[in-house]
Amino acid sequence: MNSGIEPTPLSKSPLSKSPLSRSPLGRRSFVAGAGAAALLGAAGAGAPTAHAARATAPAAQGAGPAAQLAGIVEGNLPDFHPLLKDELRFPLAWGTSPVRDFRAWRRAARAKVEEHLLVDRDHTPYEPVFGESDRVEADGYTRESVTLSLTRYERVRGSLLTPHGTGPFPAVLLLHDHGAKFDIGKEKLVRPRDDDARLASAQAWADRYFSGRFVGDELARRGYVVLALDALGWGDRGPVTYEQQQALASNFFNLGSSLAGLMAREDARAAGFLAGLDRVDRRRVAAVGFSMGAFRAWQTAALSDDVAAAASVCWMTGLKEVMVPGNNILRGQSSYCMLHPGLARHLDFPDVASIAAPKPSLFFHGAQDTLFPAEGVRVAHEKLHAVWRSRHAGEHLHTKVWPELGHVFTAPQQDEVFTWLDAVL
């Protein structure tokens, strides 16, 4: 794999005539040796550490190509990543922050998150257009499309399901997963109509992760207004390819913006639109999602006062616990949908989710889920419970580990979420 770092020939380098260039140590070996010295210093005097031994070996043996690889370890991590992790203290977390008034802390923490979204708040009028021509009556609910402006940049089309009967109804902002599957977005959760190719793709996805169900349709049958929209890159707003994600994200950064930040702002705006519908009881709006959708659900609950509750299935962990060799997050690409640059210097994932306290919040995890190490889930759940207890609202937080399950949102899990929503909204 191309690392993206090309070695500079010493004959053309400004360093080629410096004292360093005349040393038996090449520039790369010198840097690796300096890194090893720093690690030795952090570890204290004594026998060399494994990192130090590996870093200094190429210099001692005069192995040029090997020396160029020193400094990068498995998973595209710098070999000094333990030092970087040690520097993550999350000083703005509730209980660590010097701010002792919770409402003041929540305002400060939310402002810090919003600062790192790199995308400003947007008050563009929604100007919704409801698709009367594609309105369909289903079993207990009506399905229609709605096109609206989530930002000033573009119009977005979504699926809107409304129960039969007299409102106003409780409502769910339903947020789709990533899954490296981009041909469908909202259709992963709401059964598509009049498109055989999308229906086949969506049904296969539902069979794989949702026990064959379309979660949005199930919620509508139970009496919830449901709104599902595509994130940028999925369905009607894509499809992007897996390999294009990193370039797309870097182009956002070069434009002074952020892919993950846009998603966060759009989700909060979608919650505001849903809460403002006449058919919806604005005091009873929840965000619900699986996988990346779970991340989006607790993030939206933290950033939006229009969300009264959130159910998040298979996305919660401590950051340090997933930044380990072999974890999926180290591959980049998909991670850019959930990356707010620099935020980790202030808040951990559960710290951000805690901004939503004391709202009713649910977090499910499958013990067989290889994407999230058990220790990371444990650390995150403990942080969350400490915050909710501090608000005298421990009963409003529901965390559960399903020992037999992996990265899925099965019918029994769905039924438990539906029952929980009935109770808290």
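Going 7 Å from the Cα of Asn328 toward and past its Cβ, which residues in region 381-425 have a backbone nitrogen under 12 Å from where you end up? The answer is 406-409, whose backbone nitrogens lie closer than 12 Å to the label point. Only the Cβ atoms of Lys and Arg (+1) and of Asp and Glu (-1) were treated as charged; on that basis the dipole of region 204-260 about its Cα centre amounts to roughly 180 debye. Working from Cα pairs under 8 Å separated by at least six residues, relative contact order for region 169-321 is 29 percent. Summing Cβ point charges (Lys, Arg +1; Asp, Glu -1) relative to the Cα centre of region 272-425 gives a dipole of roughly 340 debye. When each of the peptides 265-272, 336-343 is scored by the mean number of other C-beta atoms lying within 10 Å of its residues, the order from highest to lowest reads 265-272, 336-343.
Listed values for region 224-237 are Karplus-derived 3J(HN,Hα) couplings in whole Hz (6.51 cos²θ - 1.76 cosθ + 1.60, θ = phi - 60°), namely 10, 6, 10, 10, 10, 10, 7, 6, 4, x, 10, x, 5, 10, and x replaces Gly and Pro.
Distances between placed amide hydrogens fall under 5 Å for Ile184 paired with Gly235, all partners being 5 or more residues away or on another chain.
Loop-only check: which GluC sites (Glu not before Pro) in region 139-209 are DSSP coil with at most 11 other Cβ within 10 angstrom? Qualifying residues, ordered by number: Glu154. Between Met338, Leu362, Pro350, the Cα set farthest toward the positive side of the dipole of region 298-373 (charges on each charged residue's Cβ, about the Cα centre) is that of Met338. Considering amide H positions built from the backbone, and no H for Pro or chain starts, which residues 5 or more places from Phe363, or on another chain, come under 5 Å of its amide H? Residues meeting the criterion, in which the H sits 1.01 Å from N, are Ser312, His398, Thr399, Lys400. Placing dummy labels 7 Å off each Cα toward the beta-carbon, the span from Asp207 to Asn251 is 3.5 nm.
Could you state the number of Å between the C-alpha centres of region 254-291 and region 337-396? Rounded to whole Å, the Cα centres lie 19 Å apart.
The numbers here are math on the coordinates, done by the rules we state, and not lab data. Everything numeric here is computed off the predicted structure, so don't read it as measured data. Because the Cβ atoms are built from the backbone with ideal geometry, glycine has one as well, and the counts that use them run over all protein chains shown.
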